[in-house]
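Readers should treat all values here as calculations from the given coordinates under stated rules, not as data from a laboratory. All of these numbers come straight from a predicted model, not from anything done at the bench. When we count neighbours, we look across all protein chains shown, and the Cβ atoms used for this are built from the backbone with ideal geometry, even at glycine.
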Amino acid sequence: MRSSSKCFESSKKVKCDEGIDRINSLPDKILVHILSFLPTKHAVGSSILSRRWRYLFTLLTNFDFDETLTFGPNDHIGKLAVAKARILQSLGIEGLKWCSTFKDFVDRVLMLCKSTHISSFRLKCGLGFDCSNVNSWKQVALHRGVTELDISTLAYESSVLPLSLFVCETLVSLKIGGEFEMKFPACLLPHLKTLQLHSVTFSEACSLNRLISGCPVLEDLVLAGSWQYVETINISCPWLTSLTMDFSDIFMSCYHRTSVVLDLPNLLHFNYVDYLAEKYCIKNIKSLKDARIDILLDIENADWLTFSDSVLGLMNGVSSARHLYLSELGWSRCINWRDVLPDILHSSPMLEHLVFPEILLNRVLDDDYEDKKFWSRLRKSPYCLSSSLKTITIDCFHGFNEELEIAKYLVRHGKVLTKLIIYWQISSKKEYQDLMKLLKIGRLATKECAIEVGGY
């Protein structure tokens, strides 16, 4: 009887709970926090839900304005807002006038904003949008002590960023993308930890290093987009821990990078995608955890005599990396990583994980394969093979004799190797037999090293 009585009480409680509006029972602070995760357009759209929700969006401290979203009375949110405004007007209550343009929308939301502090301000403008008001919106965010500022535009016309941006004491994260000119007489961003610059330009009197020197606690730096007009990149920052240089957007290969100079003693993570520069001077990088190197090459204008020197200058600079990820974009049919593999292994004494996600050996260049010269550089086993290298991944493995010899060498001398991953589409009896021979070598034979073979 007791159990049935408890079940009755429980079912009765559930029925009572079904009528409770749990969302509206939450305090405004919680509801505003929930709205802050939505694009601002949708957060404002919630004002049609009820009288209580009507002006909740005015308490927002996080703003995400995206001009690429549809704006106007023909989209779903627009229709609901217009309908609600008409109902309110019919009751004699002044409703929120629908903003038919993105500019009107941003202006209205910022005008109604009651928050004295803005935590996050993100603005994205699409192609063809008139960005004449962008600086005024940034000024509003800066005036209210914004912590995270993210501005991205696709406008063709260049504009100068406001000077107040470079002396903002509250900024912790700054992301700028588009045709903006970095022009500042002085720079001091005392709390900035994250800086992302996409396709920006610097005036003659200013430089990237000058900007960085004004960021005493900077930890994460991202340079991306089109930087083809910058012949020399020079970055010196004792406190930087993460650096991404992704210039894969460059399509005009006639612009060559003359040199890349890096002095980053505390760097832990390095991601580099660019056309091969003529010269690399990378120093004081001694505690690197991982490095991803994606090299682009202008085949028509490449200087093959200095190619190896340029690659080795880059690879020697990241020799302290424990996880090395080597790839190519657009030139895997022209150059083999095999050409510099001995130097990479010899110069990376702490390497633990080595990944070749692209072609290790290209059959097209077999005529140039200098067998004796290659193996002479591996006569002495690289230190990393006997002390630290634990996993090796080789993608696009074809089973060429040269590839197999390299794989056998790595397995035979890999004294601490625990896993060999090969993406090999085995399609013949000979290839299967070659695989069986590989399994009888070194730690693979004793099963101290596992092997994974997959297709590609």
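For the range 336-456, what class follows from the C-alpha gyration tensor (a ≥ b ≥ c being the square roots of its eigenvalues): rounded when a/c is under 1.5, otherwise prolate if a/b is larger than b/c, else oblate?
Values: a/c = 1.57, a/b = 1.07, b/c = 1.47.
Verdict is oblate for the range 336-456.
Listed by Cβ neighbour count within 10 Å, with the fewest neighbours leading, Ser25, Ser287, Ser136, Ser47 appear as Ser25, Ser136, Ser287, Ser47. Could you pull out the pairs from Lys124/Lys289; Lys283/Lys390; Lys103/Lys124; Lys114/Lys138 whose alpha carbons sit more than 22 Å apart here? Long pairs (Cα-Cα over 22 Å): Lys124/Lys289; Lys283/Lys390. Here the relative contact order of the range 365-456, from alpha carbon pairs under 8 Å that lie six or more residues apart, stands at 31 percent.
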